[in-house]
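The values are calculated or read from the model by the stated rules, or taken from the named source; none is laboratory data. Since this is a predicted model, take the numbers as computed values, not measurements. With ligands, DNA and RNA removed, areas are computed over all heavy atoms of the protein, side chains included. Shrake-Rupley method; radii C 1.70, N 1.55, O 1.52, S 1.80 Å.
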Amino acid sequence: MIVWDFHALPEGTNVTEIELTEWLGYRTFELETLLNEGWIKVYGNMYSIHPLIKQAIFSDEEMWEKYWKLRT
């Protein structure tokens, strides 16, 4: 859900800790796994979705279907 909320933000949007809590309703400890895995990036006090994640969300379904068939 966190990744989806971040992807809905305009391209290149950075979110402060205050906005993370007030706008999105998350606390920093809830992002720990996503930060460790690289889904969400943090620079200083600013959080953003990794640009490749946003690109993947907007890619076509046929490409994803081929990808998952290769993975299974």
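The table below lists the values:
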| item | result |
| --- | --- |
| Per-residue SASA entry for E17, accessible area with 1.4 Å probe, Å² rounded to 10 | 80 Å² |
| Share of carbon and sulfur in the accessible heavy-atom surface of the stretch 1-42 [1.4 Å probe, %] | 52 percent |
